[in-house]
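This report concerns only the one structure given below.
The numbers here are math on the coordinates, done by the rules we state, and not lab data. Source: prediction; values computed, not measured. Cβ: placed from backbone, ideal geometry, glycine included. Neighbour counts: every protein chain shown.
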Ligand code: NAI
């Protein structure tokens, strides 16, 4: 089975090749994203393997189908960059890796919380400047604070357990709460309660129509002054200009991001010798109480191993016509 792998980085190549030892899939690794411009590269392959910033829209789906591609194996959990209806129309199966390491993402969200709260990023710079003053670095005890988790799936549940360990009061909003979620003992509350009562809000829901810009000027206006907002899920959950206004007024006291709505133009690449063109992103980087990482929450050794393993098992199950063993996504 010949698989065209897009958005390939050295760590993808290493982990996919490792998982493929003794298996015999034929990978070709392409560095660019899969887009309307690069879809032509898939000619002659049986499947494509994609990541978070590849674009599988109507045009790309039609082109893949015209080359007789039958499978899109996503090597990630989210699939908001895939037009599922177009794929269904063109008989393209879409598989994903639903859960590779909830710990990796939840622990990164906690790292952002701790860094922002205790100003670790500022302390790091000060020490390097021979500046040992403490003014401006004061944090707060997490113990007893109200932390809300929006989206109580695999990552949200891991987050709930960790924050309970800090002694926080943990709330969760999820329109489809599972039994596993209910058993954790977090208070399942409506969104209005999340906005009104939280000291920290961490987003762990998928980006779908109902969650697009779930953090907007209206929800921000309902939050406590000085709230901390953490987004390790998808950039489109936050209306960025609205949160910049809230940062300027002090309504938002801390912002931790691992994702950004326009990240496809920036993340995963080295542009250090170029001028940043995105003015909204540039403004975000000027705030001392904003910490941004470039979509690295998933990036642990354990997660990459699990991603490669499940991706290959999806492709093999497809090859063996064992569709029931695949993690398929439907429109
Ligand atoms: P999951 O599918 O286990 O959980 C998602 C939860 O969100 C479900 O419980 C679902 O009921 C809930 N949900 C659905 N609609 C909602 C709504 N309107 N409001 C609130 N909750 C809603 O997914 P998992 O594994 O926990 O991942 C969550 C998200 O994390 C993914 O969708 C992905 O966008 C993001 N992610 C980010 C990574 C990173 O490296 N930054 C890596 C992996 C995932």
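Return 158, 38 ranked ascending by Cβ neighbour count within 10 Å, so the fewest neighbours appear first. Walk me through the numbers before you get to the answer.
Working: 158 22, 38 19.
In increasing order of surrounding Cβ atoms, one gets 38, 158.
Take residue 187, project a point 7 Å from its Cα along the Cβ direction, then tell me which residues of the stretch 141-164 have their backbone nitrogen under 14 Å from it.
Answer for the stretch 141-164: 144-149.
Against the longest alpha carbon principal axis of the chain, how many degrees, from 0 to 90 and to the nearest 10, is the axis of helix 240-249 turned?
Between helix and principal axis, roughly 10 degrees.
How far, in degrees from 0 to 90, does helix 10-20 lean away from the longest principal axis of the Cα atoms of the chain, to the nearest 10?
With both axes taken from Cα atoms, the answer is about 50 degrees.
At R0 = 45 Å, how high is the FRET efficiency between residue 21 and residue 285 if r is their beta carbon distance? Nearest 0.05 is fine.
Numbers: r = 41 Å, r/R0 = 0.92.
Taking R0 as 45 Å, the efficiency between residue 21 and residue 285 is 0.60.
Once you have the Cα-Cα distance between residue 248 and residue 269, take 0.36 nm times their residue separation minus that, and quote the gain in nm to one decimal.
My answer for the length gained is 4.7 nm.
Per DSSP helix of 4 or more residues, -39500 (n - 2.57); summed, then divided by the residues of the chain. What does that give at 222 nm, rounded to the nearest 500?
Working: 12 runs with 116 residues, N = 331.
Calculated from helices alone, the mean residue ellipticity at 222 nm is -10000 deg cm²/dmol.
Between residue 14 and residue 80, what is the spin-label point distance in nm, taking each point 7 Å from the Cα along the Cα→C-beta axis?
Inter-label distance under the simple model: 2.9 nm.
Rounded to the nearest 0.05, what FRET efficiency is calculated for residue 28 and residue 125 with R0 set to 45 Å and r the Cβ-Cβ distance? Present the calculation step by step, with values, prior to reporting the outcome.
Working: r = 43 Å, r/R0 = 0.95.
For residue 28 and residue 125, the calculated efficiency is 0.55.
May I ask for the distance between the Cα centers of the stretch 240-262 and the stretch 171-213, given as a whole number of Å?
About 19 Å separates the Cα centre of the stretch 240-262 from the one of the stretch 171-213.
Å³ per residue of the Cα convex hull, for the chain?
On the way: hull volume 49.8 nm³, N = 331.
Hull volume over Cα atoms, normalised by residue count, gives 150 Å³.
Apply 1/(1 + (r/R0)^6) to the Cβ-Cβ distance of residue 221 and residue 278, taking R0 = 30 Å, and write down the FRET efficiency to the nearest 0.05. Walk me through the numbers on the way to the answer.
Working: r = 26 Å, r/R0 = 0.86.
Here the calculated transfer efficiency is 0.70.
Give me the angle, in degrees from 0 to 90, between the Cα long axis of helix 102-118 and the longest principal axis of the Cα atoms of the chain, rounded to the nearest 10.
30 degrees
For the residues 149, 162, what sequence is obtained by ranking on other C-beta atoms within 10 Å, fewest first? The partial results should precede the final answer.
Working: 149 32, 162 18.
Listed from fewest to most nearby Cβ atoms, that is 162, 149.
Over all directions, what mean area does the Cα convex hull of the stretch 102-292 project, stated in square nanometres?
Working: hull surface 45.7 nm².
Taking the Cα atoms of the stretch 102-292, their convex hull projects to 11.4 nm² on average.
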